[in-house]
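The values are calculated or read from the model by the stated rules, or taken from the named source; none is laboratory data. The shown structure was predicted, so the numbers you read here are calculated from the model rather than taken from an experiment. In this analysis, Cβ positions are derived from the backbone assuming ideal geometry, glycine residues included, and neighbour counts consider all displayed protein chains. For the accessible areas, the whole protein counts, side chains as well, though only heavy atoms, and no ligand, DNA or RNA atoms are used. Shrake-Rupley method; radii C 1.70, N 1.55, O 1.52, S 1.80 Å.
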Amino acid sequence: MGGRTQSRDAEGRAEKGRPPPAGRADLAGSVDALLGAGAEVHRHLPAVAALLVPELGDACLIHELKEHSELVLAGSAHGDAGAAPLLARLGAAGLRGLPRPFVRALQSGEEHRLAEAGAAFERAARGGELKEAVRELRIAEALLVPLVAGRGTVGSLLLLSTGRPFTPAQRDAARRIARRLALSLDYTRAVEEASGGRAAKTSFLAVMSHELKTPLNIILGYAELMSRGVPEPLAPATLKQVDRLRASAYHLLGMIDEVLTLARLEAGTERLRPETVDLRVIAREALAMAEELAPERALRLEARLPQRSVLLETDPVKMRQILLELLTNAVKFTPAGSITLEVRAEAEAVEIAVRDTGTGMAPDEIERAVEPFWQSDLSVTRRIGGTGLGLTVAAGLTRLLGGELTLESQPGEGTTARLTFTGASAEQVEP
Amino acid sequence: MPGKTVLLVEDNEDNRAIYALLLAHNGFHVIEADNGNDGVRLARERVPDVILMDISVPVIDGWEATRLIKSDPATQQILIIALTAHALAEHRQRSYAAGCDGYLSKPCEPGTVLREVERLLGQAE
C-alpha cells in the first residue's frame, strides 16, 4: 500500500472534470438524476457511492439486502483511491464485516452511529486478512442508515469517517439519500417479481395445457373406437354424431396445442431442431393436412412450387406448423374461392406466400391480427371458431426460425400472408 | 392376426381399455399389466407374441422391464413396442437401446397402435 497520497488523488479527480462539491440539497438532486426513473438501479449504485464521498464521509459502502439476510455489496467509494481495495474487502464481507450494533440496526430499520467505530469493526472482523484491512482503513466514526421501503429493509448505506464526526447536516442528507435509494431498490424488486410472476404464469399454462390433453386424448380414443364400430357397429345417425364429436375434440386439441406453443414462445423455452429440408415437401404435407379441414366447402387449394427442390436449414416441424396455421386461417376466412400456397426461392431468400380470396382485412385489422385473442369480428369467432391465436403463433414461430411474417389485405379482396427468410442458405438443386 | 397374444403394460386404465378393445376386436388375445413388475412377470408366465410397453409405468419403468425381458432367454423373442409421452429422439434411442423392436410416441391413435402391432408381427413371420 505504498503510494497512498490524498493530494494526488484530489488532483486526479479535478483533472477528470468532477464538479466542485455541491451543496447537500444538490447532492440529493444529483443522486436523483443518477437513479433516474429506470428499473436498473443496481448499475448506478457505484456511481451514487462515488457521489457521496467526500461530502457525506471519507468512504461509502452501499449494500443490497437479499433473501436469507444476505448483504451484497452494490457500490463502494473511498476518498483515497489507494484505500479503495481495502474498503471493497470490507464491503464484500457483507454482514460478517459489520459490528453487532449495525446488524441490529439493519434488523430494526433504525439508523445507527458508532463513535470509535474502528475498534468495533476490528472486533467484528474475526479473520486475519479482513482485520488487517479494517485496521488500515483507520475508521474513526461510522454511520449506518438502513434502506427501508414498502417491503421492509432492502439494503444499507454505510458512511465512514477517518477524522471528524458526522455533522447533523451530513446525517440529514444521508437519511434523505437513503430514502431515495430504498424507493429505487424497492421499485426494481417489484419489477423483477412481476416479471418472475409472468414466467410462472407461462409455465403454469404449459403444464395445464399438457394436463388438459390427457383426458382429451382418452375422449378421442373412445370416439375413434366407436367410429370404427368397436365393439359393435353404430347406427348411421349415431355414427354421424360420433364423427362430429371427434371433429370437435380434434379442434379443441389443436387449440390447446396453440396455447402451449404460445406459452413456450413467451417463456422462451421453444426449442429448435434444425435439419436440411426441401420446403416443397413441407408445403405439400401442410396442404394435405389443410385439405382435410375444408372438405365440405367450395374451396380450391393449390400449390405453386418450383421445379427444383428448395433446400433450407430449418426446423421442419415448426415450419409445417406455421404453414398449417396460415392455411387454417385462410380456410376459416374464405367461404368460397381459392387458397394458393406458393414457394419461391431467390438468390439470398426464400419466400412462402399463402393467398386467399376470402373476406380480407382493413389496415388496422392487419396490425392487430397477430395479437392474441383477437379476430376482426367477434361474431366470427363464434361462427367459425378458433382461439384467434393462429396468426400470433405463426408470427412467433416465424421469428424463432429467423424469418418474418407480413400480411397484405383489403376488405373483400382476400389476404396474402407472406413468410420471408432472408440470408437463409437456400439452395435449389435438381430433383 | 387371430390367436396372437398381446400384453399391454400401461398404467392409465382408459388407455389400456381403448387399446385392448381394438386389439380384441381384431382377433388378438389381450392380457394387461398396470406396472413394469407385473409386466415382466406376465411376460414370463404367458409369453405373449407382442408387448405394448408404456415407458412411464410405476414400480420399474418400461425401459428397465424391457431390458429384463430381453435378457431372459425364455422371453427375449417377444416383440416389444415402446410407448413414450414425448416424441423426442432421445426417448426413441433409449427405447431401441433397451431392446425395443418398435416405437410409438403418445398420444397415439388406436388405429396406429393396431397397425404397428400388425406390421411387427408381419415382419416376424
Failed condition for A:Leu205, given (1) buried (at least 18 other Cβ atoms within 10 Å of the Cβ); (2) at pLDDT below 95, with all others met?
(1)
Can you name the condition, by its number, that A:Leu212 falls short on among (1) away from chain B (no Cβ under 14 Å); (2) within 30 Å of A:Gly396 (Cα to Cα)?
(1)
When you scan the stretch B:69-125, how many residues do you find that are closer than 24 Å to B:Ala20 by Cβ, in a helix (DSSP H, G or I) and hydroxyl-bearing (Ser, Thr, Tyr)?
2
Residue ID - farthest from B:Val47 (Cα to Cα), chosen from residues in the stretch B:71-92 that are open to solvent by 80 Å² or more (accessible area, probe 1.4 Å) and away from every other protein chain (no Cβ under 14 Å):
B:Ser71
Only one of A:Ala190, A:Ala223 that is part of a helix (DSSP H, G or I), in contact with a helix residue (DSSP H, G or I) (Cβ under 6 Å, 6 or more places away or on another chain) and more than 9 Å from every other protein chain (Cβ to nearest Cβ)
A:Ala223
Between a residue in the stretch B:104-121 that is facing chain A (nearest Cβ under 9 Å) and any residue that is of a type in the set (Lys, Arg), which pairs come within a Cβ distance under 9 Å, given they are 6 or more apart or on different chains?
B:Pro107/A:Lys213; B:Pro110/A:Arg228; B:Gly111/A:Arg228
Could you list, in sequence order, the residues of the stretch A:102-140 that are farther than 16 Å from A:Gly91 by Cα and over 41 Å from the mean Cα position of the chain (by Cα)?
A:Arg113, A:Leu114, A:Ala115, A:Glu116, A:Ala119, A:Ala140
Tell me which of these A:Asn217 doesn't satisfy, since it passes every other one: (1) open to solvent by 50 Å² or more (accessible area, probe 1.4 Å); (2) within 30 Å of A:Arg246 (Cβ to Cβ); (3) modelled with pLDDT of 75 or more; (4) not aliphatic (A, V, I, L, M).
(1)
So how many residues does the stretch B:12-55 have that are within 14 Å of chain A (Cβ to nearest Cβ), over 12 Å from the mean Cα position of the chain (by Cα) and either of a type in the set (Val, Ile, Thr) or open to solvent by 20 Å² or more (accessible area, probe 1.4 Å) (or both)?
11
Being in a loop (DSSP other than H, G, I, E, B) and either of a type in the set (Val, Ile, Thr) or more than 12 Å from B:Ala98 (Cβ to Cβ) (or both) is the filter here; which residues of the stretch B:57-68 pass it?
B:Val57, B:Pro58, B:Val59, B:Ile60
Name, by its number, the condition in (1) acidic (Asp, Glu); (2) over 29 Å from B:Tyr19 (Cα atoms); (3) open to solvent by 50 Å² or more (accessible area, probe 1.4 Å) that does not hold for A:Glu270.
(3)
Condition first: under 15 Å from A:Ser156 (Cα atoms) and modelled with pLDDT under 90. Can you find one or more residues in the stretch A:20-41 that meet it?
yes
Pick out the one residue from A:Val277, A:Val259, A:Val207, A:Val230 that is touching a helix residue (DSSP H, G or I) at 6+ places or on another chain (Cβ under 6 Å), of a type in the set (Val, Ile, Thr) and within 14 Å of chain B (Cβ to nearest Cβ).
A:Val230
Return the total of residues in the stretch A:346-355 being open to solvent by 30 Å² or more (accessible area, probe 1.4 Å) and assigned to a strand (DSSP E or B).
2
I need the helices (runs of 4 or more DSSP H) fully contained in the stretch A:63-135, keeping only those with at least 2 residues that are charged (D, E, K, R) and touching a Lys or Arg at 6+ places or on another chain (Cβ under 9 Å).
A:117-124
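So that you can scan it fast, the table gives a plain yes or no per residue for (1) more than 30 Å from A:Ala33 (Cα to Cα); (2) crowded, with 18+ Cβ neighbours inside 10 Å:
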{"position": "A:Arg123", "(1), (2)": "yes, no"}
{"position": "A:Gly127", "(1), (2)": "yes, no"}
{"position": "A:Val148", "(1), (2)": "no, yes"}
{"position": "A:Leu157", "(1), (2)": "no, yes"}
{"position": "A:Leu160", "(1), (2)": "no, yes"}
{"position": "A:Gly163", "(1), (2)": "no, no"}
{"position": "A:Ile177", "(1), (2)": "no, yes"}
{"position": "A:Leu185", "(1), (2)": "no, yes"}
{"position": "A:Glu192", "(1), (2)": "no, no"}
